[in-house]
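The structure appears right after this line, and notes come after that.
The values are calculated or read from the model by the stated rules, or taken from the named source; none is laboratory data. Remember, predicted model here, so these are calculated numbers, not experimental data. Cβ placement follows ideal geometry from the backbone for every residue including glycine, while neighbour counts extend to all protein chains displayed. Quick note on the areas: whole protein, heavy atoms, side chains included, nothing else; ligands and nucleic acids left out. Shrake-Rupley method; radii C 1.70, N 1.55, O 1.52, S 1.80 Å.
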Amino acid sequence: MRVTEYSRYDLLRSQLGRTNFDVAEVRGRLASGKAIDRWSDDPELAVQADRLLAEDRALEAYADAAVTATAWLSTQDGALQTAVSILHRVRELAIAAGTSLGDDARAGIAVELEGIRDELVGIANTKFNGRAVFGGFGDEAVADSGGTIVFAGDTGVVQRRIDHDRTIDVNINGEEAFGFAAGDDVFAILDDLAANVRAGNTTAVSNTDLARVGTA
């Protein structure tokens, strides 16, 4: 499972700072006083004033977009960090299940693994401002299809324009992040692991399943 790069946040903060500086500079020039009251007083200055006002509005929009982009990325990062922590727990359970355990102990581990799978479904469908952050332009990133968790979003790229010539991608492709693109998604891994634990197949748990958890 991929974790967002913190350098992306540093870049966004730097760009947001530059945008806010531009906004403050333009506002300062506008707030210094009126040079003209009517277009006929000085048409050239009037055109410049209109241009500055338009630039101020554009910079406001860029600043808002940068704030939204940072919040979107932060939401994704928090979800992925939580998912990674959960997978550490899955690894612990897989190691324990690879030893000789009684039926009740194996059943308890299997139930916990199934609960973790359901928890990860909620994490994969994390939303920001009503949008599924891992779903591209879809309403959800994952969905239950006959007991199997499938990727329900798309690979659309969500972008925000934060300057005249700077547009950034703010979403992570959930198909890649949760392993669907690689053909071995984290939900299938948990399903197989829970089934093998419940069946007492310690060989599969200790070898194949544990390795797949590590990849996830």
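Structure values in brief
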| read-out | value |
| --- | --- |
| Single residue of Arg166, Arg161 found to be under 30 Å from Tyr62 (Cβ atoms), surrounded by fewer than 22 Cβ atoms within 10 Å (Cβ to Cβ) and out of contact with any strand residue (DSSP E or B) (no Cβ under 9 Å at 6 or more places or on another chain) | Arg166 |
| Number of positions in segment 159-180 that are within 20 Å of Gln81 (Cα to Cα) and touching a Phe, Trp or Tyr at 6+ places or on another chain (Cβ under 9 Å) | 10 |
| Scope segment 65-97; condition farther than 29 Å from Ala143 by Cβ and surrounded by fewer than 14 Cβ atoms within 10 Å (Cβ to Cβ); matching residues | Ile95 |
| Segment 133-148 - residue that is hydrophobic (A, V, I, L, M, F, W, C) and either more than 21 Å from Thr82 (Cβ to Cβ) or free of Cβ contacts under 8 Å to residues at least 40 places away in the same chain (or both) and, of those, surrounded by the most Cβ atoms within 10 Å (Cβ to Cβ) | Ala141 |
| The lone exception for Ser100 - which of (1) assigned to a helix (DSSP H, G or I); (2) open to solvent by 40 Å² or more (accessible area, probe 1.4 Å) it fails | (1) |
| Residue check for Val121: over 19 Å from Thr68 (Cα atoms), surrounded by fewer than 22 Cβ atoms within 10 Å (Cβ to Cβ) and touching a strand residue (DSSP E or B) at 6+ places or on another chain (Cβ under 7 Å) | yes |
| Residue match in segment 90-112 (condition: of a type in the set (Asp, Glu), closer than 23 Å to Ile189 by Cβ and within 22 Å of the chain's Cα centre (by Cα)) | no |
| Extreme residue, farthest from Glu112 (Cα to Cα), among residues of segment 169-215 that are open to solvent by less than 30 Å² (accessible area, probe 1.4 Å) and at pLDDT below 90 | Val170 |
| Qualifying position, being in contact with a strand residue (DSSP E or B) (Cβ under 7 Å, 6 or more places away or on another chain), among the aliphatic types (A, V, I, L, M), in contact (Cβ under 8 Å) with a residue 24 or more places away in the chain and on the phi < 0 side of the Ramachandran plot, among Ala65, Ala79 | Ala65 |
| Residues being among the aromatic types (Phe, Trp, Tyr) and in contact with a helix residue (DSSP H, G or I) (Cβ under 6 Å, 6 or more places away or on another chain) - total across segment 160-186 | 1 |
